[in-house]
Every structure is written in C-alpha cells, then in structure tokens.
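Before any comments, here is the structure.
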Amino acid sequence: MPKVKTNRVKYPEGWELIEPTLRELQAKMREAENDTHDGKRKCETLWPIFKIAHQKSRYIFDLYHRRNEISKELYEFCLDQGYADRNLIAKWKKPGYERLCCLRCMQPRDHNYATTCVCRVPKHLREEKVIECVHCGCRGCASGD
C-alpha cells in the first residue's frame with residue numbers, strides 16, 4: 001500500500017517556544033504589506049517590510065548562535081521554511097558584517113560609483129549626522145558604530 005502524503009508540516013521540538021513571536025512578526029509583516037503608502041516616496045513604502053524581515057532573522061540568529069536556546073534542527077527548519085533569511089545570517093557570521101541591515105546595502109551594483117551603501121559608513125567618518133539608507137531606511141549598520 002502506498003504512503004499517504006499529508007500537507008501538514010512536522011514541527012521540530014521547541015517550536016512552541018518561538019511560534020508566538022514568529023506569528024506576531026508575521027502579523028506585523030502582513031500589516032506593513034497592506035499599509036497605505038499615501039504621501040510616502042516609493043522606496044519608503046518598503047522600509048517597514050525590510051525592518052520586520054531583519055527582526056525575524058535576527059531573532060532566530062540570536063536564539064541559536066548567541067543564546068543557544070534552540071536546537072540545530074529547529075534552526076535549520078526555520079531557515080528552510082523561510083522564517084529567516086539564510087544569506088543575511090551567513091553575512092552576520094563574518095567579521096565586519098555583524099550588524100548588517102539588509103543584503104542590498106552591501107551590493108556595489110545597486111549604488112553610485114560601485115560602492116556600498118551610506119549606512120555602512122561608520123558614524124565618526126560621516127559628514128552628515130542623520131542619514132537614512134534609500135533601500136531599507138537604516139540609519140547605520142557599520143560594525144564600528
């Protein structure tokens with residue numbers, strides 16, 4: 001007799017501990033996606049979405065790498081299911097990128113003169129004091145800040 005496949009995903013042990021926070025962030029994400037963008041620039045409408053995606057990834061990264069509160073199985077499950085950005089977390093593990101806000105800020109092809117984003121410049125080297133990234137609204141994610 002063939003196996004019966006179900007659509008239900010089997011959650012690893014410890015999922016019930018992080019599920020409420022992830023559901024809350026998912027609800028915030030839906031709200032940010034459906035929010036009106038009247039009076040905002042086109043790029044400003046995406047800033048809350050980038051911020052929430054960063055929060056979700058940072059939450060899972062901290063639980064596994066900093067606090068060691070979740071298992072490797074649960075961590076991999078969260079990455080595979082899209083609860084966190086695998087590429088962003090990979091950058092956070094490298095020196096100099098511990099506070100990176102999003103992947104677009106470090107890609108030189110998206111910027112003038114093939115450099116990185118202005119939010120990657122340390123605060124003591126900036127000429128202007130208040131700067132917001134055009135891509136994600138970050139005000140500074142350089143590791144030296």
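With a 10 Å cut-off between alpha carbons and a GNM built on the chain, which of 102, 43, 117 moves the most?
With Cα springs under 10 Å in the chain, the top fluctuation among 102, 43, 117 is at 43.
Considering the options 7, 20, 50, tell which one lies farthest towards the positive end of the dipole of segment 1-61, charges being +1 on Lys and Arg and -1 on Asp and Glu at the Cβ, about the Cα centre.
7
Measure up 42/123; 56/93; 42/93; 28/123; 10/72 against 20 Å on the Cα-Cα distance and list the ones that go over.
Values: 42/123 26 Å; 56/93 16 Å; 42/93 32 Å; 28/123 30 Å; 10/72 15 Å.
42/123; 42/93; 28/123, as the Cα separations exceed 20 Å there.
Classify segment 39-128 as rounded, prolate or oblate, taking a ≥ b ≥ c as the square roots of the eigenvalues of its Cα gyration tensor: rounded when a/c is under 1.5, otherwise prolate if a/b is larger than b/c and oblate if not. Kindly include the intermediate steps, with their values, before the conclusion.
Values: a/c = 2.28, a/b = 1.64, b/c = 1.39.
Prolate is the answer for segment 39-128, as a/c is 1.5 or above and a/b outweighs b/c.
For the residue pair residue 4 and residue 92, what label-to-label distance in nm results when each label sits 7 Å from Cα along the Cα-to-beta-carbon direction?
4.0
Between residue 30 and residue 131, what is 0.36 nm times their sequence separation minus the Cα-Cα distance? Round to one decimal in nm. If you can, show how the numbers build up before the last one.
Values: separation 101, 0.36 × 101 = 36.36 nm, distance 2.73 nm.
Here the segment from residue 30 to residue 131 would lengthen by 33.6 nm.
Between residue 40 and residue 23, what is the label-to-label distance in nm when each label sits 7 Å out along the Cα-to-Cβ direction?
Roughly 2.6 nm, to one decimal.
If you find the alpha carbon centre of segment 106-137 and of segment 48-100, how far apart are they in angstrom?
Rounded to whole Å, the Cα centres lie 23 Å apart.
Suppose every K and R has +1 on its Cβ and every D and E has -1 on its Cβ; what is the size of the dipole of the chain about the Cα centre, in Debye to the nearest 20? Walk me through the numbers before you get to the answer.
Details: 28 positive and 21 negative charges, 73 e Å.
So the magnitude is around 360 debye.
Taken together, the values in this text are just the output of simple stated rules run on the coordinates, not laboratory data. What you are looking at is a predicted structure, and each value in this text was computed from that prediction instead of being measured. Here the Cβ is made from the backbone with ideal geometry for all residues, glycine too, and neighbour counts use every protein chain on show.
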